[in-house]
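Participant: One structure, as structure tokens, below. Some questions next.
No lab work stands behind these numbers, since they all come straight from the coordinates. Keep in mind that this is a model prediction, so the values were computed, not measured. Reconstructed Cβ throughout: ideal geometry from the backbone, glycine too, with neighbour counts over all protein chains shown.
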Amino acid sequence: MATLGNPKNTIEVIQKYGFQFQKKFGQNFLIDPHILEEIIYEAGVTKDDFVLEIGPGIGTMTQYLCESAREVVAVEIDSNLIPILQDTLSAYDNVEVMNEDILKVDIAKLARERNGGKPIKVVANLPYYITTPIIMGLFESHVPIDSITIMVQKEVADRMQEGPGSKEYGALSLAVQYYAKPEIVVTVPPSCFMPQPKVGSAVIRLTRHREAPVTVKNEKLMFQIIRASFNQRRKTLANGLSNAGIQGLTKEEIQKCIEELGEPLTIRGEALSLEKFARLSDIVYDHVTKNV
Ligand code: SAM
């Protein structure tokens, strides 16, 4: 039975092992059983599922996952947590703990070997310092993914859902929305963690699109353009893209592409939708391939 959601049991485990929290690993452990149950429910984990958990900590959410999933692989960077996990997960035979940095794990290989290449579910209370590289890594490496249900900083969850015109709209919003449908499913106050973080948190579910919402000739180029547009938020799109040296195009050539898109030359990147970025990317692509 999952017992660690109870704060008393968490404190007992931490004291038993003299565990010291490491700030550099973003260690804030969940101590609220209702939130844990909600995460598992919203992730839609069933006995058919292979689940990757990133950062199991002392194994609190891992216990819940073991009870709902067919198989769980939990990747934890902090070697001090490994003996604790061996203890707290000893009742389960459907879990493997890997002592690794998630950014160095070949997740596509893991999905191939453990789930026959079928889409996996990712569930995690993420270390906030690497939220963006983890999410982008999962999407860009084309790991077969069904959904990613993760606890992140509330502000970052908001950013993933935003559209043009909002202050929070940026490269992360566009990347997430290109690959998945984002939905904030639970908001979580600092009091649900030990130690308490300084910021509010939210659980966001990213359900992978079966088909991308826009088609684009060169995905990599589109993301280059998106990143360059938001790197210098206060500049016009034309200046942002020419400063970034996109495809070696001159400012005049970039202005031509923006005109072809049907937008004024004063426009900023933050006003463009995903569809417009995809179109602009195709216009730039055609321009460059015609010129070579
Ligand atoms: N899942 C636990 C919970 O909900 O109580 C712990 C969550 S805590 C916010 C984040 C966890 O991720 C910590 O256990 C931390 O050591 C681990 N972690 C941090 N960086 C990591 C990395 N690069 N790879 C794998 N795990 C990491």
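Participant: Can you give the FRET efficiency for Val199 and Leu265, using 1/(1 + (r/R0)^6), R0 = 41 Å, r = Cβ-Cβ distance, to the nearest 0.05?
Facilitator: Rounded to the nearest 0.05, the efficiency is 0.60.
Participant: Output the peptides 77-89, 9-21 sorted from most to least packed, where packing is the average of other Cβ atoms within 10 Å over each peptide's residues.
Facilitator: Put in order of decreasing packing, that is 77-89, 9-21.
Participant: For the range 111-152 and the range 17-68, write down the distance between their C-alpha centroids in whole Å.
Facilitator: 14 Å
Participant: Rounding to the nearest 20 debye, state how big the charge dipole of the chain is about its Cα centre with +1 on each Lys and Arg Cβ and -1 on each Asp and Glu Cβ.
Facilitator: 800 debye
Participant: Charges only on Cβ, +1 for Lys and Arg, -1 for Asp and Glu: so what's the dipole of the range 28-86 about the Cα centre, in debye to the nearest 20?
Facilitator: Using Cβ point charges on Lys, Arg, Asp and Glu, the range 28-86 gives about 160 debye.
Participant: Still on this structure, please answer the following. Name the trypsin sites (Lys or Arg not before Pro) in the range 115-218 that are in a loop by DSSP and that have at most 14 other C-beta atoms within 10 Å, would you?
Facilitator: Lys167, Lys198, Arg210, Lys217
Participant: Name the shape class, rounded, prolate or oblate, that the alpha-carbon gyration tensor gives for the range 12-110, where a ≥ b ≥ c are the square roots of its eigenvalues, rounded holds for a/c under 1.5, and otherwise prolate holds if a/b is larger than b/c and oblate otherwise.
Facilitator: Taking the square roots of the gyration eigenvalues as a ≥ b ≥ c, the range 12-110 is oblate.
Participant: Which of rounded, prolate, oblate describes the range 105-256, given a ≥ b ≥ c as roots of the alpha-carbon gyration tensor eigenvalues and a/c under 1.5 marking rounded, otherwise prolate only if a/b is larger than b/c?
Facilitator: It comes out oblate by the Cα gyration axes.
Participant: What does the C-alpha gyration tensor say about the overall shape of the chain? Classify as rounded when a/c is under 1.5, otherwise prolate if a/b is larger than b/c, or oblate.
Facilitator: Taking the square roots of the gyration eigenvalues as a ≥ b ≥ c, the chain is prolate.
Participant: Here is a follow-up. Give me the lysines in straight-line cross-link reach of Lys8: C-alpha distance below 23 Å, same-chain residues under 8 apart excluded.
Facilitator: Lys16, Lys23, Lys198
Participant: Treat each spin label as a single point 7 Å out from the Cα along the C-beta direction, and report the Tyr17 to Tyr41 distance in nm.
Facilitator: Distance between label points: 2.9 nm.
Participant: Return the lysines within reach of Lys181: Cα separation strictly under 25 angstrom, same-chain partners fewer than 8 residues apart disregarded; answer none if there are no such residues.
Facilitator: Lys47, Lys109, Lys118, Lys121, Lys154, Lys167, Lys217, Lys220, Lys276
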